[in-house]
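The values are calculated or read from the model by the stated rules, or taken from the named source; none is laboratory data. If you're wondering where the values come from, they're calculated on a predicted model, not measured in any experiment. Here Cβ is always computed from backbone atoms with ideal geometry, including for glycine, and neighbour counts include all displayed protein chains.
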Amino acid sequence: MNIEKEIEELESILKKIKQFEPDPYYVNYYFNSYLFSVNNAYHGIFEEANRDFGLFIREYTKDVFLEKATEKNDQKAFSFGIWFEKKYDEYHQSDYPNFIKKCCKFQNDGKRLPKVKIMISAKKRYVNDPNQEIICNMKDGKIGSKEEIQIEIRKQLPIFLEIINYKRNNFNEPIINKNQVSVSTFLDIDGNENVDILEASKNYLSVLKKIVFEVREKIKELTRWS
C-alpha cells in the first residue's frame, strides 16, 4: 500500500467534495471515500513500519503491530508502536481531527454515517454564531437539482440573517448581509455537532501529512543503528 498514492487520492476526493457542495448525496458519497482512504493511509503507515522493523505481520494495524513486537521482544518496534499511539492521540485532540477519527471509527464498525445536513453559516464566524439547516425535498436521499437548493436558500436566508444579527447586536459584533454567508454540508457525530465536512476534511489532510512525516522520521531514528 502506497501512502503517497492515498494522499493523492485524498486530494482528488477533496476536489470532488468541493465540486458537489452542498449536495448532501454526493458529498456523503465522496466523504465515505475520503474516510476509506484515510484508513488505508494508516494501514500504509504500519505496512511501512512492518517492512522497516521486519516483523512479518500480514494485518497492518497498530494492535497487531504491537502484539507481534511483544511476541518477538523487539524493543525498537514496540517503542515505535507506543510512540505512534501517543502521537495519534495528541493529533486528534482538536475538533476537526477528532471528528474525522470518529467518522473513521463509524465506517470501520460497519455503521452508516448520520444524515448529512445543508446549513447556512456566516463566512466569518464569532463564538456561538448560529447555523441554520436548509430543508429540501429529497427522493431516495437525493435532491432534484442544485436549483432547488438555491430556491430554499433564498426563502430561508432572511430568517437566518435576522437570527444571527439579533445575536450579534446583543454582543456588539458586526452584523452581516446575504453576501457574507456560505452554504455547505455539515454532520453531527458522537458529540461533534454541526461540523463542516469540507473544512474538516481539508484540515485533516494537513494533519495526516504531518503524521506521516513524523512517523518516517521516528522510524529512521529507531532503525538507524540496527
Assess whether Asn40 counts as being out of contact with any Cys (no Cβ under 8 Å at 6 or more places or on another chain), among the polar types (S, T, N, Q), part of a helix (DSSP H, G or I) and within 30 Å of Glu148 (Cβ to Cβ).
no
Can you tell me which residue is surrounded by the fewest Cβ atoms within 10 Å (Cβ to Cβ) among those in segment 182-226 that are of a type in the set (Asp, Glu) and touching a strand residue (DSSP E or B) at 6+ places or on another chain (Cβ under 7 Å)?
Asp188
It is to be established whether one or more residues within segment 198-205 are modelled with pLDDT of 95 or more, of a type outside the set (S, T, N, Q) and closer than 20 Å to Tyr126 by Cβ.
yes
Given the condition on the phi > 0 side of the Ramachandran plot and in contact (Cβ under 8 Å) with a residue 12 or more places away in the chain, answer yes or no: does some residue in segment 152-166 qualify?
no
Cβ pairs under 6 Å, 6+ apart or interchain, first in segment 75-94 and over 30 Å from Asn192 (Cβ atoms) and not assigned by TED's automatic domain parsing to the domain that holds Ile57, second crowded, with 18+ Cβ neighbours inside 10 Å and β-branched (Val, Ile, Thr), ordered by first then second residue, are none
Hey, which of the helices (runs of 4 or more DSSP H) in segment 55-117, taking only ones fully inside, have at least 3 residues that are farther than 30 Å from Cys136 by Cβ and within 24 Å of the chain's Cα centre (by Cα)?
75-91
In segment 5-26, anything in contact with a strand residue (DSSP E or B) (Cβ under 9 Å, 6 or more places away or on another chain) and at pLDDT 95 or above is listed as Ile17
Unmet criterion (only one of (1) touching a residue at least 12 places away in the same chain (Cβ under 8 Å); (2) among the hydroxyl-bearing types (Ser, Thr, Tyr); (3) within 30 Å of Glu147 (Cβ to Cβ)) for Ser12
(1)
Can you find, within segment 140-181, the residue that is surrounded by the fewest Cβ atoms within 10 Å (Cβ to Cβ) among those that are modelled with pLDDT of 95 or more and among the acidic types (Asp, Glu)?
Glu162
Given the structure, is Asn50 in contact with a strand residue (DSSP E or B) (Cβ under 9 Å, 6 or more places away or on another chain), buried (at least 18 other Cβ atoms within 10 Å of the Cβ) and in a helix (DSSP H, G or I)?
no
Is it the case, given these coordinates, that Phe213 is aromatic (Phe, Trp, Tyr) and free of Cβ contacts under 8 Å to residues at least 12 places away in the same chain?
yes
